[in-house]
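Engineer: Got a structure for you, written out below as structure tokens; questions coming shortly.
The values are calculated or read from the model by the stated rules, or taken from the named source; none is laboratory data. Just so it is clear, the structure is predicted and the values come from calculations on it, not from any experiment. As a convention, Cβ positions derive from the backbone with ideal geometry for all residues, glycine included, and neighbour counts pool all protein chains shown. Only protein heavy atoms, including side chains, enter the accessible area calculation; ligands, DNA and RNA are left aside. Shrake-Rupley method; radii C 1.70, N 1.55, O 1.52, S 1.80 Å.
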Amino acid sequence: MREMSPLQKERLNYKPKLAGVLANGINNIKLTLGDKTSSVSNQEEIKELFPNVFGQPIAKFAAAGENLSTEQKNVGVILSGGQAPGGHNVIAGLFDALKTQNKENKLYGFLGGPSGIVDGKYIELTDEIIDSYRNTGGFDIIGSGRTKLETQDQFQKALVVCNNLNINAIVIIGGDDSNTNACLLAEWMKKNNTGISVIGCPKTIDGDLKNDQIEISFGFDTATKTYAELIGNIQRDANSAKKYWHFIKLMGRSASHVCLEAALQTQPNITLIGEEVEQKQQSLDQIVSYIANIVAKRAAIGKNFGIALIPEGLIEFIPEMKVMIASLNDLLAQLEKDSSYQNLSQQEKYNAIASKLDSIQAKLFQSLPNQIKAQLLMDRDPHGNVQVSKIETEKLLIEMVRVKLEQMKKEGNYDGKFSDQAHFFGYEGRCAAPSNFDSDYCYSLGYNAFALIQAGLTGYLSSIKNTTKPASEWVAGGVPLTMMMNLERRHGQMKPVIKKALVELNGPVFSALENNREKWAMNDCYIFPGAIQYFGPSSVCDNTTITLQLEQEKTLVNV
């Protein structure tokens, strides 16, 4: 028996609220289908790649007795990609739904991510196992991994494993790339008439897997609340000591949703948004000047302290850096096969890289500190992209701001003290105990995934909508995975992927930041959110992110 804190023990007993009609049971719902759908873009190419699952209609469940089959069904579940709070509740919801339908139904958890279904590594998930993980953070119930499911050999091996276990459906819990894998697997299973359906669930703390049908990816709520607590603690410290500028980098490589939400929750002095930097074509020097000017203005009124929030993926949004990194991704994809390059010293590698870049990019690359060069040349992630979490952007900005301030001091435009502290909040938020919202939302996503399986669907993403309302008013359904796809360059080739949702600069969420920036820069309007609350009034325990409230209600909320 695992040792548990009092909070852990209490959380095991929490009963998640189930979405809308799902609370009536799977035999008391009816599937309704909308019009056929198309992809986000590259429609002809996506249709050609996914002829068997392309164009399916949006699905929605309504209250009605359907008397769905209670014939035994076995389901396999996979946790894929980085951890996000609530993953265990997706599995718990899936388990409860299938066991409610037929006690003989079985749920198999594939171990270590997608590789588990290929290698035949699994466990049968039982009441005892599930009950010990309800409402807990992490993915440790079966583990996760980043293996891509994309080859005929992998699909064939997965089919053999599924047939051996009499599996009728597979649920893949993951982000945009993981659910792209789910779509590839669904297409192959349908093309080969296997009778095995594939359903996805939207996971990522980054918040970039969303659209009109997927209002929020699970884990975003908990992670941003966790980061906001930490930022609030640092703000309280800064306001007490009054001698440090804290540069805080926040997880979110491809979009700045986490940084934006954390800013709205805590109201720091400076918030950088990658999408804004890109739209305004800001250079690295312009960003540094923006920060330095605020530091100088605050120093002029006796405030040699402050808080700056930096999105993890900022460096890729800076136009000059983005172009260079894209070239580096393609270049390194070629050089990783070149043994002569691998045998070079680090400095020789820098020179070799610079010699293969155009003159502008080479000059930029050579101007960077060796530490940043080394981080830019680190092994790529499984999708062929630079690992931006390994690039210490916060430290790069600190050093450049220091140099800028020294220059301003010589010119008589700055007379303050600049002492710094650097932070990166990433893993701190990925496995936190899920908030009540994420516990409820994830449980409903899993329960709904089995409803989609029972309805005979495949190639869909589990969807729960109307999530700013009480759970009894949430709407359950499914979104065709191909509806969210486009083509993007990966490892030097165009690949089908689910399109990431970036911060909308003309939307209500960014506007809430923009309308308050000047006030927050010079005044200490800090908010101290404190720890996530699990027990108490609903207004404290069940509230969701400011981002979701603004997007759904279209009005300013608590800002």
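Engineer: If you count the DSSP beta bridges with both ends in region 5-138, what percent of them are antiparallel, to the nearest 5?
Structural biologist: About 70 percent, rounded to the nearest 5.
Engineer: Right, another one. Compactness ratio of the chain: Cα Rg over 2.2 N^0.38 Å, N = residue count? Walk me through the numbers before you get to the answer.
Structural biologist: Values: Rg = 24.5 Å, N = 559, 2.2 N^0.38 = 24.3 Å.
Relative to the rule-of-thumb radius for its length, the chain sits at 1.00.
Engineer: Solvent-accessible area per residue for the chain at a 1.4 Å probe radius, Å²?
Structural biologist: With all protein chains present, the chain gives 41 Å² per residue.
Engineer: Checking the a/c ratio against 1.5 first, then a/b against b/c, what shape does the Cα gyration tensor give for region 294-338?
Structural biologist: Prolate shape, in that a/c is at least 1.5 and a/b is the bigger ratio.
Engineer: So how do Arg517, Arg402 rank on accessible area, 1.4 Å probe, biggest first, that is with the largest at the start?
Structural biologist: Largest accessible area first, the residues go Arg402, Arg517.
Engineer: Amide H to amide H, which residues 5 or more places from Gln56 or on other chains are under 5 Å from it, using H placed in the peptide plane?
Structural biologist: Thr37
Engineer: A further question on this structure: Can you tell me what the convex hull of the Cα atoms of region 133-291 projects to on average, as an area in nm²?
Structural biologist: Projected over every direction and averaged, the Cα hull of region 133-291 covers 13.5 nm².
Engineer: Moving on. May I ask which residue of Leu111, Gly137, Ala84 lies farthest towards the positive end of the charge dipole of region 66-181, with charges of +1 (Lys, Arg) and -1 (Asp, Glu) on Cβ and the Cα centre as origin?
Structural biologist: About the Cα centre, the residue reaching furthest to the positive side is Leu111.
Engineer: Rounded to the nearest 20 debye, what is the charge dipole size of the chain about its Cα centre when +1 sits on each Lys and Arg Cβ and -1 on each Asp and Glu Cβ?
Structural biologist: Once rounded to the nearest 20, the dipole reads 440 debye.
Engineer: For the chain, give the percent of accessible area contributed by carbon and sulfur heavy atoms, probe 1.4 Å, rounded to a whole number. Can you show the working numbers first?
Structural biologist: Numbers: 10740 of 22870 Å².
Carbon and sulfur atoms account for 47 percent of the accessible area of the chain.
Engineer: Still on this structure: When the helices in the chain are scored as -39500 (n - 2.57) per DSSP H run of 4 or longer and the sum is shared across all residues, what 222 nm value do you end up with, to the nearest 500 deg cm²/dmol? Numbers along the way, then the final one.
Structural biologist: Numbers: 24 runs with 241 residues, N = 559.
Taking each H run of at least 4 residues, the total per residue is -12500 deg cm²/dmol.
Engineer: Could you please state, rounded to a whole Å, how far the C-alpha centre of region 378-444 is from the C-alpha centre of region 119-148?
Structural biologist: Cα centroid of region 378-444 versus Cα centroid of region 119-148: 31 Å apart.
Engineer: Still on this structure: Give, in nm to one decimal, the length gained when the segment between Asn164 and Ser539 is fully stretched (0.36 nm per residue of separation minus the Cα-Cα distance).
Structural biologist: Numbers: separation 375, 0.36 × 375 = 135.00 nm, distance 4.87 nm.
Difference between extended and current length: 130.1 nm.
Engineer: Further question: Taking the simple approach of a point 7 Å from Cα along Cα-to-Cβ for both Asn27 and Ser289, what is their distance in nm?
Structural biologist: My value for the distance between the label points is 7.1 nm.
Engineer: Can you give me the relative contact order of region 204-268 as a percent, contacts being Cα pairs under 8 Å and 6 or more apart?
Structural biologist: Reported relative contact order: 41 percent.
Engineer: Based on the Kirkwood radius over alpha-carbon pairs, what is the Stokes-Einstein translational diffusion coefficient of region 252-356 at 37 °C with 0.692 mPa s viscosity, in µm²/s?
Structural biologist: Stokes-Einstein gives a translational diffusion coefficient of 202 µm²/s.
Engineer: Oh, and also: Would you mind pulling out the separation of the Cα centroids of region 331-360 and region 207-227, in Å?
Structural biologist: One Cα centre to the other: 38 Å.
Engineer: For region 192-203, what does the Karplus curve 6.51 cos²θ - 1.76 cosθ + 1.60, with θ = phi - 60°, yield as ³J(HN,Hα) per residue in whole Hz, taken in order and with x for Gly and Pro?
Structural biologist: My calculation for region 192-203 gives 9, 6, 7, x, 9, 8, 10, 10, x, 10, x, 10 Hz in order.
Engineer: Further question: Which residues' amide hydrogens lie under 5 Å from the amide hydrogen of Lys106, considering only partners 5 or more residues apart or on another chain, with H built in the peptide plane?
Structural biologist: Lys73, Asn74, Val75
Engineer: Further, regarding this structure: Within 10 Å, count the other beta carbons around each residue, average over each peptide in 346-356, 255-265, 138-148, and list them highest first.
Structural biologist: Highest to lowest by the protection proxy: 255-265, 138-148, 346-356.
Engineer: Highest mean first, what order results for 428-437, 371-380 on Cβ atoms within 10 Å?
Structural biologist: 428-437, 371-380
Engineer: Further question: First check a/c for region 223-305, with a ≥ b ≥ c the square roots of the eigenvalues of its C-alpha gyration tensor; if it is under 1.5, answer rounded, and if not, answer prolate when a/b is larger than b/c or oblate otherwise.
Structural biologist: Note, shape of region 223-305 comes out oblate.
Engineer: If you don't mind, there's one more thing I want to ask. For the pair Leu505 and Asn466, what calculated FRET efficiency results from E = 1/(1 + (r/R0)^6), where r is the Cβ-Cβ distance and R0 = 25 Å, to the nearest 0.05?
Structural biologist: It comes out at approximately 0.45.
Engineer: Can you compute 3J(HN,Hα) from phi for each residue in region 129-146, using the Karplus curve 6.51 cos²θ - 1.76 cosθ + 1.60 with θ = phi - 60°, rounded to whole Hz and x for Gly and Pro?
Structural biologist: Calculated HN-Hα couplings, in order: 5, 4, 5, 8, 10, 4, 6, 9, x, x, 10, 6, 4, 9, x, 9, x, 10 Hz.
Engineer: Report, ordered by chain and residue number, the lysines lying within cross-link reach of Lys99, taken as a straight Cα distance under 16 Å and ignoring same-chain residues fewer than 8 apart.
Structural biologist: Within the straight-line limit of under 16 Å, Lys99 reaches these lysines: Lys73.
Engineer: Sticking with this structure for a sec: Looking at the calculated P(r) for region 303-438, what percent of the C-alpha pair distances fall above 21 Å?
Structural biologist: Working: 4972 of 9180 pairs.
Looking at region 303-438, the distances longer than 21 Å represent 54 percent of pairs.
Engineer: Let me ask something additional. Any idea what log10 I(q)/I(0) is at q = 0.13, 0.20 Å⁻¹ for region 5-132, Debye with uniform C-alpha scatterers and no solvent?
Structural biologist: So the normalised log intensities work out to -0.81, -1.27.
Engineer: Give the peptides 101-112, 212-223 in descending order of average Cβ contacts within 10 Å, highest first.
Structural biologist: Per-residue Cβ counts within 10 Å, averaged per peptide and sorted highest first, yield 212-223, 101-112.
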